[in-house]
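Enquirer: Dumping the structure here so I can ask a few things about it.
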Amino acid sequence: MMKKIISVFMIVASLIIVTSVLAEDTATVTNTLPTTTTTSEKIACVKTAVATRETALAGAITTYNTAVSAAYATRANELAGAYSNTTVKAVQAGVKVSWADFKKSIKSANKAWVKSKNETWSAFKTATKACKSPVGVSDSANSSSEMKGQ
């Protein structure tokens, strides 16, 4: 009889311990879950990410255009200087330098544009992933429509 009482006591004690541990785990899980976000809040999050992306891309293309314009202006000045020479050899050397400098400048502008564009789109994708928006809300599929660079 005593063995049965001890067994029942052990079972009840075990149940009490397990129940209290489960209750603590449930409370911990409940307290760490994020608050529910509505669909409109998720869309607003994507809207903010799009605005940030577009501002960054606009700045990057402005920088690109400024660099390309400067490359053309420099080329024009260097060519004017090259054609100020009076010998064919001097003109050819000046033209060669002018065009080499132009190509380097354009290549550098393109490289900077592509880097900025890729970084901006990557940041956008990370931001929209954090929004946990419904499928089809983001316009990431259109990233291939961006200017490629040369």
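A short reminder: the numbers here are calculations on the coordinates, not readings from a lab. Nothing here was measured: the structure is a model prediction, and the numbers come from that model. Every residue, glycine as well, gets a Cβ built from its backbone with ideal geometry; the counts of neighbours run over all protein chains shown.
Enquirer: Using the Karplus curve 6.51 cos²θ - 1.76 cosθ + 1.60 with θ = phi - 60°, work out ³J(HN,Hα) for each residue of region 80-94 in order, rounded to whole Hz, and write x for Gly and Pro.
Expert: Karplus values, whole Hz, x for Gly and Pro: 4, x, 5, 7, 7, 6, 10, 10, 4, 4, 5, 5, 4, 5, x.
Enquirer: How many angstrom lie between the Cα centre of region 103-149 and the Cα centre of region 80-95?
Expert: 42 Å
Enquirer: Further, regarding this structure: Within region 47-90, whose backbone N sits under 18 Å from a point 7 Å along Cα→Cβ of residue 108?
Expert: Answer for region 47-90: 60-79.
Enquirer: Residue 74: net charge of surrounding residues, Cβ under 15 Å, Lys/Arg +1, Asp/Glu -1, itself excluded?
Expert: +3
Enquirer: Give me a comma-separated list of calculated 3J(HN,Hα) values for region 50-67, in order, Karplus coefficients 6.51, -1.76, 1.60 applied at θ = phi - 60°, integers in Hz, x for any Gly or Pro.
Expert: 5, 4, 5, 4, 5, 5, 5, 5, 4, x, 5, 6, 5, 4, 4, 4, 5, 5
Enquirer: A follow-up question, please. How far apart, in nm, are two points set 7 Å out from the Cα along the Cα-to-Cβ line at residue 54 and at residue 37?
Expert: The answer from the label model is 2.0 nm.
Enquirer: Let me ask something else. Convex hull over the Cα atoms of region 66-131, averaged projected area in nm²?
Expert: Computing the convex hull of the Cα atoms and averaging its projections yields 4.3 nm².
Enquirer: Net charge within 11 Å of residue 99 by Cβ-Cβ distance, Lys/Arg positive one each and Asp/Glu negative one each, not counting residue 99 itself?
Expert: Around residue 99, the surrounding residues sum to +2.
Enquirer: Here's something else I'd like to know. Around residue 114, what is the net charge, scoring Lys/Arg as +1 and Asp/Glu as -1 over all other residues with Cβ under 13 Å from its Cβ?
Expert: Charge balance in the 13 Å sphere: +3.
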